[in-house]
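The values are calculated or read from the model by the stated rules, or taken from the named source; none is laboratory data. What you are looking at is a predicted structure, and each value in this text was computed from that prediction instead of being measured. Backbone-built Cβ (ideal geometry, glycine too); neighbour counts: all protein chains shown.
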Amino acid sequence: MQTSALPVLETPVALAGEQNAPGITVVLTVELVVAFVAAVVFGAAVVALAVIATLGVGAVVAGAGVTEGTVTGAVVAGVVDVASRDCRWQSIQSFEADRKEPVRMDTPRFRFIDLFAGLGGFHVALKQLGGECAFAAEWDPTLNALYKTNFAIDAWSDVNDLKTPEMIAQRIPDHEVLTAGFPCQPFSKAGEQLGFEHTLQGQLFFKVFEILKEKKPRRFILENVPNILRHNGGATLATILKRLADLGYSVAIHRFSPHEFGIPQIRERAYFVGSLDGLGKFEWPVEHQERTDITSVLRKGAVPERAVPIRTLRAIDMWDDFLRRSPASVKLPSFPIWAMEFRATYPYEDATPAALWDESRAHGLRSYLGSFGRVLKDLTIEDQFEWIPSHARRDGDYQFPEWKKTFIRQNREFYYANRAWIEPWLLKWEPWELPSSFQKFEWNAQGGERRIDNYVLQVRASGIRVKRTATAPSLIAMTQTQVPILGASLDGVRRYMTPSECAELQSLGDVVLPDNDLHAYKALGNAVNARVVRAIAEPLLRDLTRRKSDTRAA
Ligand SMILES: C[S@@+](CC[C@H](N)C(=O)[O-])C[C@H]1O[C@@H](n2cnc3c(N)ncnc32)[C@H](O)[C@@H]1O
């Protein structure tokens, strides 16, 4: 699935599109995975994928049969549907039917460990299902201390300090369920995507693997960014699945977002569930269809630690005025509005500013207009640079990608068709005085009332994004400026959402958060949504629970 057309925006629309994309379902065998990984090593990932897809299609039935299967040797097969939201990886080895587990008589239904524990999203969920936390690890000192405050557990610090199998065996108590939201930056679209090569963080999956190998819990739940399923052309996923299958785990993968569970937040994550007892009876939870609304998590009259800066408020006023001036008959753009393209004429289709500068220095742009129509004629190359939008002046950009050409063209056409009301708006607000991110605007409330204060806003590098109140923007490891801003109609004044409200978006209940609000927002952006985990864990752990109650009944 190609996402290259949307490098700037990861709008809910784009996500929904991804979710609905038709997928190729392939069945992988160990041989194919090995072929794939080998091909990646030799730089032929695409070909390898094609080979796998070709060989695998048609074998889906065999894969499904495996789900009901019994031990037939060391064959491993799986169903991997990378484009759709559901992947299964089944290890036939794992069907050692009627594995005899010692049944424990103590009170908790199962014991779990919480690796990369953060604020404890997994803990909150599994405790609700009757689990007892046997071990947690979190290296951030504040979050480590908070784990004690919230859950009365002295969490281990750095998992890398669990250096040897002996140490793992000794330090980590036996448990039935392992949970881990291993750090996602190495695999995230937002980062450099160094993956396993990421010096420290990328290797942490292997630490999870070592712990699974040593302790053999009957179930696991892992969480990461959805991009991990596509990272490095699928090689990262293939490595993970191969390692887990080698340990005898059956694995299934599904992407979920909290808004599918009644929580007003769109934040898709990939969940991996694993079982040593097969996944034949496991079913993913069914998503809700109910409408959500951000007001369900708001604490009326809450006062966030920081006020929205005056300059941000001015930019919001400016775009509110833009909305109000736009005639009702004019459909507002569904593409991002780049105000700096209004009046601009610099070349972008066949030539680019960078190409002209390299070719003929400042002379090449003499006859053009830059951002907001700035005459470039008598400017030095350095001054011309200041008046070319940042999206169009990167060194070496001799050809813009199609998506960028389209956005520039659409913005210029929109301006020319609407300049009668846009011109007075430009003269009143002088947006060129504001930072570039305030000069861009994303209207994600098509058809809604053109009053900015009725919506939720977020300041992003790609512009001020306006969303309907059905869902809050995705919580990410945010800086203060990216914290969602509530329009004044929602709670009387424009204000940031508070950390407690963001904790509600992650279904964390009343966990104590870091005192420092910036630290709190960051941790909340890293956390896993506890309600989603609970919905997944309930069917996954049902038989663990049942065994216990069966025993009690007997
Ligand atoms: C993606 S977050 C997981 C958050 C958690 N699931 C939650 O609900 O809050 C990853 C966490 O791993 C922690 N971490 C990163 N490297 C670590 C390491 N080597 N040892 C222990 N914790 C680590 C980070 O501080 C961060 O809190």
task = Considering only segment 382-417, state which residues are more than 20 Å from Arg361 (Cβ to Cβ) and charged (D, E, K, R).
result = Glu402, Lys404, Lys405, Arg409, Arg412, Glu413
key: One residue from Leu146, Leu129 being of a type in the set (A, V, I, L, M), more than 17 Å from Leu222 (Cβ to Cβ) and within 14 Å of the ligand (Cβ to nearest atom)   = Leu146
message = Checking Ala252 against (1) more than 16 Å from the ligand (Cβ to nearest atom); (2) at pLDDT below 95: exactly one of these is not met. Which one?
response = (2)
key: Those residues of segment 128-150 which are within 18 Å of Lys215 (Cβ to Cβ) and of a type in the set (Asp, Glu), in sequence order   = Glu132
query = Take the residues of segment 271-292 that are hydrophobic (A, V, I, L, M, F, W, C) and assigned to a loop (DSSP other than H, G, I, E, B): which is surrounded by the fewest Cβ atoms within 10 Å (Cβ to Cβ)?
reply = Val286
query = Looking at segment 497-542, which of the residues that are surrounded by fewer than 20 Cβ atoms within 10 Å (Cβ to Cβ) and in a loop (DSSP other than H, G, I, E, B) is farthest from the ligand (Cβ to nearest atom)?
reply = Asp515
key: Selection within segment 348-367 - among the aromatic types (Phe, Trp, Tyr) and either within 17 Å of Glu386 (Cβ to Cβ) or not assigned by TED's automatic domain parsing to the domain that holds Thr380 (or both)   = Trp357
message = For segment 401-409, check the following and say yes or no: at least one residue is at positive phi, out of contact with any Leu (no Cβ under 7 Å at 6 or more places or on another chain) and modelled with pLDDT of 95 or more.
response = no
request  = For segment 149-168, enumerate the residues that are within 10 Å of the ligand (Cβ to nearest atom) and surrounded by fewer than 18 Cβ atoms within 10 Å (Cβ to Cβ).
outcome  = Ser157, Asp158, Asn160, Asp161
query = Mind checking which residues of segment 255-269 are in a strand (DSSP E or B) and surrounded by fewer than 22 Cβ atoms within 10 Å (Cβ to Cβ)?
reply = Arg255, Arg269
inquiry  = Taking the condition of being surrounded by fewer than 18 Cβ atoms within 10 Å (Cβ to Cβ), touching a helix residue (DSSP H, G or I) at 6+ places or on another chain (Cβ under 7 Å), free of Cβ contacts under 8 Å to residues at least 24 places away in the same chain and not basic (Lys, Arg), how many residues in segment 357-416 meet it?
reply    = 2
key: Flag if Ala235 is among the small types (Gly, Ala, Ser) and either surrounded by fewer than 20 Cβ atoms within 10 Å (Cβ to Cβ) or in contact with an Asp or Glu (Cβ under 9 Å, 6 or more places away or on another chain) (or both)   = no
key: Check on Arg468, of a type in the set (D, E, K, R) and closer than 30 Å to Val528 by Cα   = yes
key: Output for segment 410-451, where each listed residue is in a helix (DSSP H, G or I) and closer than 20 Å to Pro309 by Cα   = Trp429, Pro431, Trp432, Glu433, Ser436, Ser437, Phe438, Gln439
ask   = Just one of Ala252, Ala235 is farther than 30 Å from Thr295 by Cα, among the small types (Gly, Ala, Ser), assigned by TED's automatic domain parsing to the domain that holds Arg109 and in a strand (DSSP E or B); which is it?
value = Ala252
note = Checked pairs for segment 493-522, first at positive phi, second in a loop (DSSP other than H, G, I, E, B) and within 13 Å of the ligand (Cβ to nearest atom), C-beta under 8 Å and 6 or more apart or across chains, list as Ser507/Asn529
